Amino acid sequence: MRLPAGIVIDKVKTFGQLKFSALRREVFLTNEDGSVSTKVKERTYDLKSREQGRMVQVSIPASVPLREFDFNAEVDMINPIADTVA
């Protein structure tokens, strides 16, 4: 199933308080020859969710500038959208 627009969610009811844990990974674009480029496509962060009672991963396009937070700093998501992952 593909959700072209994703699912819009109520971030307070779904996640509650969010705290920064770590930058998990950066995904890089692929060159025409199949090799990995040095250009970042997206970044995935680990956030601790009080409502979920666990860590959630949030991916953000590289068009959003890199943000650095202190461990356990309270963070907020802007316009979160859940998308399908296979």
| DSSP-assigned coil residues among chymotrypsin sites (Phe, Trp or Tyr not before Pro) in the range 4-86, each with at most 16 further Cβ atoms within 10 Å | F69, F71
| 222 nm [θ] for the chain, helices only, -39500 (n - 2.57) per DSSP H run of 4+, per residue, to 500? | -1000 deg cm²/dmol
| Taking the inverse of the average 1/r across all pairs of different Cα atoms in the chain, what Kirkwood radius in Å do you get? | 14.3
| task | Report the one residue of S35, L18, I7 whose Cα lies farthest in the direction of the positive end of the charge dipole of the range 6-55 (charges on C-beta: Lys and Arg +1, Asp and Glu -1; origin at the Cα centre). | result | L18
| Looking at the chain, which longest stretch skips every one of the trypsin sites (Lys or Arg not before Pro) that is in a DSSP loop with at most 12 other Cβ atoms within 10 Å, leaving the sites themselves out? | 3-49
| request: Quick one: dipole size for the chain, taken about the Cα centre, charges +1 on Lys/Arg Cβ and -1 on Asp/Glu Cβ, in debye to the nearest 20. | output: 240
| Using alpha carbons only: equivalent-ellipsoid semi-axes of the range 4-49, gyration tensor based, whole Å | 30, 16, 5
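Every read-out reported here was derived from the displayed coordinates using simple, explicitly stated rules and does not represent laboratory data. These numbers were taken from a predicted model, which means no experiment stands behind them. Reconstructed Cβ throughout: ideal geometry from the backbone, glycine too, with neighbour counts over all protein chains shown.
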